1. Looking at the range 2-17, I want the residues that are at pLDDT below 95 and have a partner that is surrounded by 10 or more Cβ atoms within 10 Å (Cβ to Cβ) and in a helix (DSSP H, G or I) with Cβ atoms under 8 Å, at least 6 apart or on another chain. Which pairs are those?
Amino acid sequence: MISELPARATTQTEIDRVKSHMERIEMEGKKYAAVLERKRKQYALLFHVLEELQRAPAEDVALDQTGDALPGASTAMEVE
């Protein structure tokens, strides 16, 4: 029965090869997980900004129908 099994050195070489392959796959998985997390945060920021822009009241435009600035509203460019 023992003679039917491969030599220990052969088995150990195969084990080392598989472990090395598993480590590479784990490192690659961590890299992709980091990229995915970064993109998730970027999309969350994008949607947050879009939501804030949609919530901005019409007063933020700071112009009335005549084109004059509304009272108390600041203008984007003020020149002295």
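The values are calculated or read from the model by the stated rules, or taken from the named source; none is laboratory data. Computed from a predicted model, the values in this text were never measured in an experiment. Cβ coordinates were reconstructed from backbone atoms using ideal geometry, including for glycine residues, and neighbour counts include every protein chain displayed.
1. 5/11
Residues checked against (1) hydrophobic (A, V, I, L, M, F, W, C); (2) at pLDDT below 90; (3) in contact with a Lys or Arg (Cβ under 8 Å, 6 or more places away or on another chain):
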residue: 25; (1), (2), (3): yes, no, no
residue: 40; (1), (2), (3): no, no, no
residue: 49; (1), (2), (3): yes, no, no
residue: 54; (1), (2), (3): no, yes, no
residue: 77; (1), (2), (3): yes, yes, no
